[in-house]
1. For the range 192-212, indicate whether the set of residues that are under 16 Å from residue 64 (Cβ atoms) and surrounded by 18 or more Cβ atoms within 10 Å (Cβ to Cβ) is non-empty.
2. Residue 283 is checked against (1) in contact with a Ser or Thr (Cβ under 8 Å, 6 or more places away or on another chain); (2) within 18 Å of residue 193 (Cα to Cα); (3) buried (at least 22 other Cβ atoms within 10 Å of the Cβ); (4) not aromatic (Phe, Trp, Tyr) and fails just one. What number does that condition carry?
3. Tell me whether the range 188-197 contains one or more residues that are of a type in the set (D, E, K, R), farther than 25 Å from residue 55 by Cα, in contact with an Asp or Glu (Cβ under 8 Å, 6 or more places away or on another chain) and without any contact (Cβ under 8 Å) to a residue 24 or more places away in the chain.
4. Taking the options 62, 86, 154, name whichever one is within 19 Å of residue 204 (Cβ to Cβ) and surrounded by fewer than 23 Cβ atoms within 10 Å (Cβ to Cβ).
5. Quick one: which residue in 142, 154 is within 16 Å of the ligand (Cβ to nearest atom), within 26 Å of residue 292 (Cα to Cα) and in contact (Cβ under 8 Å) with a residue 60 or more places away in the chain?
6. What's the number of the condition residue 120 fails, among (1) within 12 Å of the ligand (Cβ to nearest atom); (2) surrounded by fewer than 23 Cβ atoms within 10 Å (Cβ to Cβ); (3) assigned to a loop (DSSP other than H, G, I, E, B)?
Amino acid sequence: MRLSVKSMNHAHTHTPHHGASHGHHHEHAMDGQAEILDLDAEVLAEHISSMAAWLPLQTAPHHIVDLGCGTGAGTFALLDRFPDAHVTAVDASAEHLQRLRTKACTRGVEERVRTVQADLDDDAWPDLGSPDLVWASASMHHMAHPDRALRNVHDALVPGGLFAVVELAGHPRFLPENAPEDRPGLEERVHAAADRRQVEHMPHRGADWGPMLTAAGFTVEGERAIAVNLEGSRSEAIGRYATGVLQRIRSVIADRLSPEDLTALDQLLDASSPHSILRRDDLTVLTERTVWAARRI
Ligand SMILES: C[S@@+](CC[C@H](N)C(=O)[O-])C[C@H]1O[C@@H](n2cnc3c(N)ncnc32)[C@H](O)[C@@H]1O
């Protein structure tokens, strides 16, 4: 399923060469997700801040909820942007929340963060207080019943409060089209297999969240697509990020690839192989995020 972008504001961000940057994506907590989320936050830091800066807030929020916070990409961006706010960070994964708390301590903001472990697919939601901003990045598509989740967020927000839904269409791309040399187009075929699987397992990823937010009672005040295109980077973080993402995809689509493609993919993922992705100096990060700003009237 592809994202249909009906952008009211379109920001194309091109960050040439440098250190930290990149996209990513995720499924349920599996091995390695925490590291990918951390790399994602590092690589996409600028893009996350620019989405937070774009939000049509009437006043600076005081109580923010980060739903499906993972290891805190959004939590820390929002704490930085809104120095008077505190964040309730909610996730099903105790491991992610622990990592988030450790980071909060390292940054000296532990007083401003409360973590709540909860499965948001459960009928009963935890008490989230009365937030004036709820942020959900790459988490709503995990919900078994997103319509119910959106209504719960609506009811938790104070009147006038804002819900920011950040979603993504698919996995980021890292390799040139003609790579690897012996199996050109491999990444495209890997993504095609992942997309087919996703239709079966995660039907809401890539959805158009605008109408769903409206149906849940929100007034959608804006939608913005951010294209991420980090080219020609020699950043070591991108190599690790690409390896992590492709490894995770491999773990779920291995049986959908031809034996030749699987062998080529394994060579890319093998740090000791001369074909290892970590040895390439032509990696990019190509991805897109869309943020919807929805108000509870
Ligand atoms: C793709 S990650 C995104 C993490 C973070 N928001 C970010 O932008 O980096 C999705 C997160 O949603 C969490 N999640 C998935 N299903 C959930 C559920 N039913 N209840 C609570 N959290 C859930 C996962 O544990 C994971 O941390």
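Taken together, the values in this text are just the output of simple stated rules run on the coordinates, not laboratory data. Source: prediction; values computed, not measured. Here the Cβ is made from the backbone with ideal geometry for all residues, glycine too, and neighbour counts use every protein chain on show.
1. no
2. It fails just one condition, (2).
3. Residues of the range 188-197 of a type in the set (D, E, K, R): 188-189, 195-197.
In the following step, the residues that additionally are farther than 25 Å from residue 55 by Cα were identified as 188-189, 195-197.
Filter once more, keeping what is in contact with an Asp or Glu (Cβ under 8 Å, 6 or more places away or on another chain): 188-189.
Those left that are additionally without any contact (Cβ under 8 Å) to a residue 24 or more places away in the chain: 188.
Scanning the range 188-197 turns up at least one residue that is of a type in the set (D, E, K, R), farther than 25 Å from residue 55 by Cα, in contact with an Asp or Glu (Cβ under 8 Å, 6 or more places away or on another chain) and without any contact (Cβ under 8 Å) to a residue 24 or more places away in the chain.
4. 154
5. Only one candidate passes the filter, namely 142.
6. For residue 120, the exception is condition (2).
To keep it simple, each residue is scored yes or no on (1) free of Cβ contacts under 8 Å to residues at least 24 places away in the same chain; (2) within 27 Å of residue 49 (Cβ to Cβ); (3) touching a Phe, Trp or Tyr at 6+ places or on another chain (Cβ under 9 Å).
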residue: 200; (1), (2), (3): yes, no, no
residue: 206; (1), (2), (3): no, yes, no
residue: 215; (1), (2), (3): no, no, no
residue: 240; (1), (2), (3): no, yes, no
residue: 260; (1), (2), (3): no, no, no
residue: 275; (1), (2), (3): no, no, no
